[in-house]
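Chemist: To start, I am sharing the structure in question, which I have written as structure tokens.
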Amino acid sequence: MKYIEDVLEDIKQIDGPSGKLRDRILDAYDGYEYNGVSEISIDRYIKEDTMKAKAYRIGANYPGSPKIIALIDDGKDHYVSTVIDAYIKE
């Protein structure tokens, strides 16, 4: 079983092609469940955007589940996406 803190650490390591970002995030959640739910939602979270990064809210599709906010820099050419920060928001 994987804990949300483990998922967070995996997400912090994401750096690769923008087209693979969703798959890499879902891979980080592999083995994680919240109250038996393993379906994950990934949504833009504009109110947490910074000058350098776009924010995404990620978590299990279950009310009250902890969410990870990931700040992602798309790079100059929008080819490479790098997680520059991530944290758990309950």
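Chemist: Hey, can you grab everything whose amide H is under 5 Å from the amide H of D85? Only 5+ residues off in sequence or another chain; H modelled, so Pro and N-termini drop out.
Modeler: L71
Chemist: Follow-up question, since we're still on this one. Net charge near M1: determine it from the other residues with C-beta under 14 Å of the C-beta of M1, scoring Lys and Arg +1 and Asp and Glu -1.
Modeler: Every neighbour counted, the sum reads -3.
Chemist: Something else now. Taking θ = phi - 60°, what integer Hz values does the Karplus form 6.51 cos²θ - 1.76 cosθ + 1.60 yield along the range 7-20, in sequence order, with x for Gly and Pro?
Modeler: 4, 4, 4, 5, 5, 4, 8, 5, 7, x, x, 4, x, 9
Chemist: Further question on the same structure: Within the range 4-89, how many lysine pairs that are 8 or more places apart, or on different chains, have C-alpha atoms less than 19 Å apart?
Modeler: So the count of such lysine pairs works out to 14.
Readers should treat all values here as calculations from the given coordinates under stated rules, not as data from a laboratory. Fair warning: this is a prediction, and the values are worked out from it, not measured in the lab. In this analysis, Cβ positions are derived from the backbone assuming ideal geometry, glycine residues included, and neighbour counts consider all displayed protein chains.
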